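Enquirer: If you scroll down you'll find the structure; I have some questions about it.
FYI, it's all coordinate maths here, none of it is from the lab. What you see is a predicted model, and the numbers here were worked out from it, not measured in a lab. Methodologically, a virtual Cβ is constructed for each residue, glycine included, from the backbone with ideal geometry; neighbour enumeration extends over all protein chains shown.
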Amino acid sequence: MLACIRESVADLLANIDGEYPRPLEIEALWSQIQLNKVPEKWRTVSFQTAYDSLADYIVELGLKLEFWKGIVEKDTIELTSWWLPAFFDPKAFLTALIQTRARQEGIPMKDLRNEYEILDILRNETPATDKHVHYIHGLALEGADWDYGRKLLIETVKT
Amino acid sequence: MNSLKTSLRSSRTDSGQQVEEMLKDEQSMLNLFVILQKLLATSSLDKTVTHGGKRYDHNIDQDILPKRDLHDKKVSEIAQVLLAKIDAQFDKDLIQKKFPI
């Protein structure tokens with residue numbers, strides 16, 4: 001995705017410097033940027049997002065890049081919580097956890113599944129002590145609320 | 001079984017505050033894109049100015065022409081900064097070392 005954005009900027013640079021006549025798709029892409037919209041070309045290779053405005057999208061991109069830089073530069077054992085929406089395909093990450101354990105312990109994948117527990121804290125701050133426990137954050141509810149006391153989904157009370 | 005522990009939070013995030021934080025950093029990607037947005041409106045990429053891409057053949061007597069050239073130069077400078085910023089995001093050697101394919 002970053003490569004796609006880079007290509008768009010490099011195209012802009014080449015065109016504005018007059019290296020070659022600009023194709024219509026480059027004009028269209030930068031017109032969308034002028035209108036504060038996320039270019040369609042970027043969306044096809046992008047993470048899922050609820051944002052339409054380019055400013056919000058760039059903010060989200062910046063936060064996700066920071067998360068991934070942390071993954072690359074630090075040891076993942078130190079990671080206190082995985083930010084699930086930072087993944088291009090969050091479901092694939094959850095499957096990868098099963099796959100990792102299946103390979104490590106020689107257990108068929110069909111015999112493994114993830115179990116989930118909703119915590120009362122906003123975000124975990126210490127690394128997991130059990131190697132099979134992973135903390136995730138960044139989930140949000142739409143059309144329902146979470147009852148922390150009873151630990152179940154309830155009708156939304158917000159307007 | 002693997003165990004995943006998570007927390008739920010409101011879907012309302014204070015993106016306005018995040019935008020302000022990023023705008024404080026002059027070299028942030030957000031700031032660079034905002035500058036580009038403003039400059040492009042009066043650059044040679046603006047369709048209303050270029051009249052279909054004929055840059056110098058039309059409207060040569062208009063006052064906007066020097067401004068357009070100045071903004072083209074600035075767009076070029078900002079685009080170069082943005083490219084350097086994107087290239088500096090990740091250390092490719094470190095990625096290869098940590099996640100070998």
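Enquirer: May I ask you to order B:25-31, A:120-126 by the average number of other C-beta atoms within 10 Å around their residues, highest value first?
Expert: Per-residue mean Cβ counts within 10 Å order the peptides as B:25-31, A:120-126.
Enquirer: Taking H as built 1.01 Å from N, whose amide H comes closer than 5 Å to the amide H of A:LYS37, not counting residues under 5 places away?
Expert: It is A:LEU54, by chain and number.
Enquirer: Which of A:TYR135, A:TYR116, A:TYR57 moves most in a GNM of chain A, Cα contacts under 10 Å?
Expert: The residue that fluctuates most here is A:TYR116.
Enquirer: Report, in cubic angstrom per residue, the convex hull volume of the C-alpha atoms of the stretch A:76-159.
Expert: 138
Enquirer: Now, a different point. Return the sequence-ordered ³J(HN,Hα) values of the stretch A:100-105 in whole Hz as given by the Karplus equation 6.51 cos²θ - 1.76 cosθ + 1.60 applied to θ = phi - 60°, using x for Gly and Pro.
Expert: The phi angles translate into 4, 5, 4, 6, 4, 10 Hz.
Enquirer: Determine the shielding of peptide A:10-19 by partner chains: average, over its residues, the number of Cβ atoms on other chains within 10 angstrom of each Cβ.
Expert: Mean partner shielding for this stretch: 6.
Enquirer: Give me the inter-chain shielding for A:73-79: mean count of other chain Cβ atoms within 10 Å, whole number please.
Expert: Across A:73-79, the average partner-chain Cβ count within 10 Å equals 1.
Enquirer: What ranking do A:24-31, B:91-98 get when scored by the average of other Cβ atoms within 10 Å per residue, highest first?
Expert: Numbers: A:24-31: 15.9, B:91-98: 11.2.
Packing order, densest peptide first, comes out as A:24-31, B:91-98.
Enquirer: I need the calculated FRET efficiency for the pair B:LYS98 and B:LYS38, taking r as the beta carbon distance and R₀ as 51 Å, to the nearest 0.05.
Expert: Efficiency, rounded to the nearest 0.05: 0.85.
Enquirer: Taking the dipole about the Cα centre of chain A, with the C-beta of Lys and Arg at +1 and of Asp and Glu at -1, give me whichever of A:ILE5, A:LEU29, A:LEU79 is farthest to the positive side.
Expert: The residue sitting farthest along the positive end of the dipole is A:LEU79.
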